[in-house]
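To start, the structure itself, in C-alpha coordinates.
The values are calculated or read from the model by the stated rules, or taken from the named source; none is laboratory data. No experiment lies behind these values; they were computed from the predicted model shown. Reconstructed Cβ throughout: ideal geometry from the backbone, glycine too, with neighbour counts over all protein chains shown.
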Amino acid sequence: MFKILLISFSLILITFSACKKNEVNNNADAEGYRTITQASDTREYIVHVPTSYDANTATPLVINYHGFGGNAANFMTEVGAFNTVANNNNFIVAYPQGVERTKGGAEWDPGDNGNQSIQDNDVYFTKQLIANISQEFNIDPNKIYATGYSNGGMMAYGLACAQADQIAAVGIMSGTMLQGTCNTNNYTSVIHFHGADDDVLPYNGNQDFEAIPDVVNFWLNHNNIPAASLVSAQLDAGDVQKDVYTGGNDNTDYHLYKMNKGRHVWFNETIDGKNSNQILWEFLSAYSLLD
(Lines give C-alpha, C1' and ligand atoms only; values in the text may rest on other atoms or scores of the structure.)
Protein backbone atom coordinates (compact mmCIF):
# COMPACT_ATOMS: atom_id res chain seq x y z
CA MET A 1 0.00 0.00 0.00
CA PHE A 2 1.27 3.45 -0.90
CA LYS A 3 2.41 5.27 2.23
CA ILE A 4 1.16 8.87 2.48
CA LEU A 5 4.08 11.23 2.98
CA LEU A 6 3.75 13.37 6.10
CA ILE A 7 5.43 16.43 4.66
CA SER A 8 4.23 19.46 2.79
CA PHE A 9 4.73 20.09 -0.91
CA SER A 10 6.62 23.28 0.03
CA LEU A 11 9.19 21.25 1.96
CA ILE A 12 9.50 18.75 -0.87
CA LEU A 13 10.46 21.45 -3.33
CA ILE A 14 13.33 22.71 -1.18
CA THR A 15 15.29 19.83 -2.63
CA PHE A 16 14.60 20.97 -6.18
CA SER A 17 15.49 24.59 -5.34
CA ALA A 18 18.85 23.43 -4.06
CA CYS A 19 19.72 21.49 -7.18
CA LYS A 20 18.44 23.76 -9.95
CA LYS A 21 18.27 27.53 -10.43
CA ASN A 22 15.13 29.04 -11.87
CA GLU A 23 15.38 29.42 -15.62
CA VAL A 24 14.75 32.66 -17.47
CA ASN A 25 11.33 32.66 -19.11
CA ASN A 26 11.95 32.85 -22.85
CA ASN A 27 8.75 31.09 -23.88
CA ALA A 28 7.42 33.99 -25.94
CA ASP A 29 10.37 33.62 -28.32
CA ALA A 30 9.59 29.98 -29.07
CA GLU A 31 7.73 28.78 -32.13
CA GLY A 32 4.30 27.56 -31.07
CA TYR A 33 3.95 29.94 -28.12
CA ARG A 34 0.37 30.24 -26.83
CA THR A 35 -1.42 31.67 -23.80
CA ILE A 36 -4.63 30.98 -21.90
CA THR A 37 -6.36 33.82 -20.04
CA GLN A 38 -9.05 33.50 -17.39
CA ALA A 39 -10.15 36.63 -15.53
CA SER A 40 -6.86 38.37 -14.65
CA ASP A 41 -4.71 35.23 -14.90
CA THR A 42 -2.66 34.18 -17.92
CA ARG A 43 -0.86 30.86 -18.35
CA GLU A 44 1.64 30.00 -21.07
CA TYR A 45 2.38 26.92 -23.11
CA ILE A 46 4.20 25.92 -26.28
CA VAL A 47 2.69 23.56 -28.81
CA HIS A 48 4.76 21.45 -31.18
CA VAL A 49 2.80 20.40 -34.25
CA PRO A 50 4.21 17.44 -36.19
CA THR A 51 5.24 18.04 -39.77
CA SER A 52 2.67 15.50 -40.97
CA TYR A 53 -0.29 17.01 -39.10
CA ASP A 54 -3.53 16.90 -41.08
CA ALA A 55 -6.44 18.97 -39.78
CA ASN A 56 -8.84 16.39 -41.19
CA THR A 57 -7.42 13.63 -38.99
CA ALA A 58 -7.94 13.36 -35.23
CA THR A 59 -4.44 13.53 -33.74
CA PRO A 60 -3.10 12.30 -30.37
CA LEU A 61 -1.89 14.87 -27.84
CA VAL A 62 0.92 14.48 -25.29
CA ILE A 63 1.24 17.08 -22.52
CA ASN A 64 4.83 17.20 -21.27
CA TYR A 65 5.53 18.95 -17.93
CA HIS A 66 8.95 20.42 -17.10
CA GLY A 67 10.69 20.01 -13.75
CA PHE A 68 10.73 22.38 -10.77
CA GLY A 69 12.18 25.80 -11.58
CA GLY A 70 12.00 24.93 -15.26
CA ASN A 71 10.97 26.72 -18.39
CA ALA A 72 8.81 25.28 -21.19
CA ALA A 73 10.99 26.54 -24.07
CA ASN A 74 14.23 25.27 -22.55
CA PHE A 75 12.62 21.98 -21.59
CA MET A 76 11.35 21.48 -25.15
CA THR A 77 14.93 21.97 -26.38
CA GLU A 78 16.33 19.57 -23.77
CA VAL A 79 13.93 16.82 -24.84
CA GLY A 80 14.20 17.63 -28.53
CA ALA A 81 14.33 13.95 -29.43
CA PHE A 82 10.74 13.72 -28.23
CA ASN A 83 9.65 16.24 -30.88
CA THR A 84 11.46 14.13 -33.46
CA VAL A 85 9.41 11.14 -32.32
CA ALA A 86 6.29 13.33 -32.57
CA ASN A 87 7.15 14.22 -36.17
CA ASN A 88 7.78 10.60 -37.07
CA ASN A 89 4.61 9.31 -35.39
CA ASN A 90 2.23 12.23 -35.97
CA PHE A 91 1.24 13.44 -32.51
CA ILE A 92 1.07 16.92 -31.03
CA VAL A 93 3.12 17.85 -27.95
CA ALA A 94 2.18 20.63 -25.54
CA TYR A 95 4.77 22.05 -23.15
CA PRO A 96 2.95 24.02 -20.45
CA GLN A 97 4.67 26.54 -18.21
CA GLY A 98 4.46 26.11 -14.45
CA VAL A 99 3.95 29.13 -12.22
CA GLU A 100 5.81 30.47 -9.22
CA ARG A 101 3.52 30.58 -6.21
CA THR A 102 5.11 30.29 -2.76
CA LYS A 103 7.84 27.73 -3.39
CA GLY A 104 10.52 29.83 -5.05
CA GLY A 105 10.26 28.54 -8.59
CA ALA A 106 7.96 27.54 -11.43
CA GLU A 107 6.26 24.35 -10.26
CA TRP A 108 3.37 21.93 -10.51
CA ASP A 109 0.93 21.07 -7.73
CA PRO A 110 -0.37 17.60 -8.64
CA GLY A 111 -3.48 17.63 -6.45
CA ASP A 112 -6.89 18.96 -7.46
CA ASN A 113 -7.78 21.55 -4.81
CA GLY A 114 -11.22 22.14 -6.33
CA ASN A 115 -10.54 25.76 -7.32
CA GLN A 116 -11.63 26.67 -10.84
CA SER A 117 -8.56 28.81 -11.31
CA ILE A 118 -5.90 28.31 -13.95
CA GLN A 119 -3.41 30.02 -11.63
CA ASP A 120 -4.05 28.08 -8.45
CA ASN A 121 -5.11 24.62 -9.66
CA ASP A 122 -2.87 22.82 -12.15
CA VAL A 123 -5.38 20.02 -12.69
CA TYR A 124 -8.03 22.57 -13.65
CA PHE A 125 -5.44 24.39 -15.79
CA THR A 126 -4.73 21.14 -17.62
CA LYS A 127 -8.42 20.73 -18.44
CA GLN A 128 -8.49 24.26 -19.86
CA LEU A 129 -5.24 23.58 -21.73
CA ILE A 130 -6.78 20.55 -23.42
CA ALA A 131 -9.90 22.54 -24.31
CA ASN A 132 -7.80 25.40 -25.68
CA ILE A 133 -5.65 23.17 -27.86
CA SER A 134 -8.71 21.25 -29.07
CA GLN A 135 -10.26 24.50 -30.32
CA GLU A 136 -7.25 25.08 -32.58
CA PHE A 137 -6.29 21.54 -33.57
CA ASN A 138 -8.14 18.32 -34.36
CA ILE A 139 -7.31 16.39 -31.16
CA ASP A 140 -8.36 12.79 -30.61
CA PRO A 141 -10.08 13.01 -27.18
CA ASN A 142 -9.45 9.32 -26.53
CA LYS A 143 -5.69 9.61 -27.03
CA ILE A 144 -4.53 12.35 -24.69
CA TYR A 145 -1.48 11.51 -22.58
CA ALA A 146 0.57 13.16 -19.83
CA THR A 147 4.31 12.92 -19.33
CA GLY A 148 6.71 14.79 -17.12
CA TYR A 149 10.21 15.12 -15.73
CA SER A 150 10.89 15.28 -11.98
CA ASN A 151 8.22 17.59 -10.49
CA GLY A 152 6.53 17.31 -13.89
CA GLY A 153 6.41 13.56 -13.38
CA MET A 154 4.64 14.20 -10.08
CA MET A 155 2.11 16.20 -12.07
CA ALA A 156 1.60 13.34 -14.52
CA TYR A 157 0.97 10.96 -11.63
CA GLY A 158 -1.47 13.50 -10.18
CA LEU A 159 -3.41 13.57 -13.44
CA ALA A 160 -3.55 9.77 -13.49
CA CYS A 161 -5.32 10.05 -10.15
CA ALA A 162 -7.49 13.13 -10.68
CA GLN A 163 -8.13 13.27 -14.42
CA ALA A 164 -8.14 9.70 -15.66
CA ASP A 165 -11.37 10.41 -17.53
CA GLN A 166 -9.29 12.48 -19.99
CA ILE A 167 -5.77 11.04 -19.69
CA ALA A 168 -5.38 7.64 -21.35
CA ALA A 169 -1.89 6.84 -20.01
CA VAL A 170 1.04 8.57 -18.34
CA GLY A 171 4.82 8.50 -18.63
CA ILE A 172 7.24 9.46 -15.86
CA MET A 173 10.89 10.44 -16.24
CA SER A 174 12.80 10.68 -12.96
CA GLY A 175 9.65 11.56 -11.04
CA THR A 176 7.72 10.14 -8.14
CA MET A 177 4.22 10.22 -6.68
CA LEU A 178 3.09 12.52 -3.88
CA GLN A 179 0.30 12.10 -1.40
CA GLY A 180 -3.26 12.51 -2.60
CA THR A 181 -6.46 10.72 -3.40
CA CYS A 182 -6.88 8.60 -6.52
CA ASN A 183 -10.26 8.16 -8.16
CA THR A 184 -10.95 4.53 -7.42
CA ASN A 185 -13.24 4.17 -10.43
CA ASN A 186 -10.62 5.05 -13.05
CA TYR A 187 -7.52 3.08 -14.00
CA THR A 188 -4.49 4.36 -15.87
CA SER A 189 -1.50 2.63 -17.44
CA VAL A 190 1.93 3.92 -16.42
CA ILE A 191 5.46 3.78 -17.78
CA HIS A 192 8.21 5.01 -15.46
CA PHE A 193 11.94 5.55 -16.14
CA HIS A 194 14.14 6.09 -13.09
CA GLY A 195 17.87 6.16 -12.39
CA ALA A 196 19.33 3.95 -9.68
CA ASP A 197 21.75 6.79 -8.89
CA ASP A 198 19.14 9.57 -8.84
CA ASP A 199 20.31 11.92 -6.07
CA VAL A 200 17.25 14.19 -6.15
CA LEU A 201 14.43 11.65 -6.06
CA PRO A 202 16.28 8.55 -4.86
CA TYR A 203 15.16 5.24 -6.31
CA ASN A 204 14.96 3.72 -2.85
CA GLY A 205 13.39 6.81 -1.31
CA ASN A 206 14.39 8.82 1.75
CA GLN A 207 12.72 10.78 4.54
CA ASP A 208 11.05 13.06 1.98
CA PHE A 209 10.27 10.87 -1.00
CA GLU A 210 8.61 7.49 -1.46
CA ALA A 211 10.72 4.67 -2.87
CA ILE A 212 9.92 3.84 -6.48
CA PRO A 213 9.12 0.17 -5.68
CA ASP A 214 6.45 1.46 -3.26
CA VAL A 215 5.00 3.68 -5.98
CA VAL A 216 4.89 0.64 -8.26
CA ASN A 217 3.06 -1.35 -5.58
CA PHE A 218 0.52 1.44 -5.18
CA TRP A 219 -0.35 1.29 -8.88
CA LEU A 220 -0.49 -2.49 -8.92
CA ASN A 221 -3.03 -2.30 -6.10
CA HIS A 222 -4.93 0.65 -7.58
CA ASN A 223 -5.22 -0.90 -11.04
CA ASN A 224 -5.64 -4.42 -9.68
CA ILE A 225 -2.65 -5.64 -11.68
CA PRO A 226 -1.48 -9.09 -10.51
CA ALA A 227 2.02 -8.94 -9.03
CA ALA A 228 2.49 -12.45 -10.41
CA SER A 229 2.24 -11.03 -13.95
CA LEU A 230 5.76 -9.60 -13.60
CA VAL A 231 8.13 -10.27 -16.47
CA SER A 232 11.65 -8.91 -15.94
CA ALA A 233 14.48 -8.50 -18.42
CA GLN A 234 18.06 -7.26 -18.19
CA LEU A 235 18.86 -5.01 -21.14
CA ASP A 236 22.09 -3.51 -22.45
CA ALA A 237 24.34 -5.89 -20.54
CA GLY A 238 22.52 -5.17 -17.29
CA ASP A 239 22.56 -1.37 -17.55
CA VAL A 240 18.75 -1.38 -17.62
CA GLN A 241 16.24 -3.56 -15.81
CA LYS A 242 12.80 -3.67 -17.40
CA ASP A 243 9.87 -4.82 -15.26
CA VAL A 244 6.51 -5.32 -16.97
CA TYR A 245 3.24 -5.89 -15.09
CA THR A 246 0.08 -6.60 -17.09
CA GLY A 247 -3.56 -7.56 -16.79
CA GLY A 248 -5.07 -4.84 -14.61
CA ASN A 249 -8.56 -3.37 -14.67
CA ASP A 250 -9.45 -1.84 -18.06
CA ASN A 251 -6.42 -3.64 -19.54
CA THR A 252 -3.99 -1.46 -17.60
CA ASP A 253 -0.26 -2.18 -17.35
CA TYR A 254 2.75 -0.81 -15.51
CA HIS A 255 6.21 -0.73 -17.09
CA LEU A 256 9.29 0.24 -15.07
CA TYR A 257 12.70 0.93 -16.59
CA LYS A 258 15.34 1.04 -13.86
CA MET A 259 18.41 2.74 -15.33
CA ASN A 260 21.17 1.15 -13.28
CA LYS A 261 23.67 3.89 -14.15
CA GLY A 262 21.10 6.66 -14.47
CA ARG A 263 20.89 9.91 -12.55
CA HIS A 264 18.23 12.65 -12.32
CA VAL A 265 17.62 13.38 -16.02
CA TRP A 266 15.16 13.08 -18.86
CA PHE A 267 16.48 9.91 -20.47
CA ASN A 268 17.37 10.28 -24.15
CA GLU A 269 19.60 7.25 -24.61
CA THR A 270 19.10 4.09 -26.60
CA ILE A 271 17.74 1.10 -24.69
CA ASP A 272 18.05 -2.30 -26.33
CA GLY A 273 18.48 -0.65 -29.72
CA LYS A 274 15.57 1.82 -29.40
CA ASN A 275 15.55 5.44 -28.22
CA SER A 276 13.85 5.90 -24.85
CA ASN A 277 11.57 8.61 -26.29
CA GLN A 278 10.30 6.15 -28.89
CA ILE A 279 9.78 3.54 -26.14
CA LEU A 280 7.79 6.10 -24.19
CA TRP A 281 5.57 6.94 -27.16
CA GLU A 282 4.99 3.33 -28.15
CA PHE A 283 3.80 2.60 -24.63
CA LEU A 284 1.47 5.60 -24.44
CA SER A 285 0.00 5.12 -27.89
CA ALA A 286 -1.03 1.56 -27.07
CA TYR A 287 -3.77 2.92 -24.78
CA SER A 288 -7.02 4.72 -25.51
CA LEU A 289 -9.98 5.77 -23.39
CA LEU A 290 -12.07 3.59 -25.70
CA ASP A 291 -10.20 0.43 -24.61
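Observations on the structure shown:
- Checking each residue of region 83-92 against the condition of being among the hydrophobic types (A, V, I, L, M, F, W, C), under 22 Å from Leu178 (Cβ atoms) and touching a residue at least 40 places away in the same chain (Cβ under 8 Å) gives no match.
- Test: residue in region 166-174 that is among the hydroxyl-bearing types (Ser, Thr, Tyr) and under 19 Å from Leu230 (Cβ atoms): no
- For Asp199, the criteria (1) in contact (Cβ under 8 Å) with a residue 60 or more places away in the chain; (2) under 22 Å from Ser232 (Cβ atoms) hold in every case but one, which is (2).
- Residue that is in a helix (DSSP H, G or I), crowded, with 22+ Cβ neighbours inside 10 Å, of a type outside the set (Gly, Ala, Ser) and modelled with pLDDT of 95 or more, where the choices are Val190, Val215, Val170: Val215
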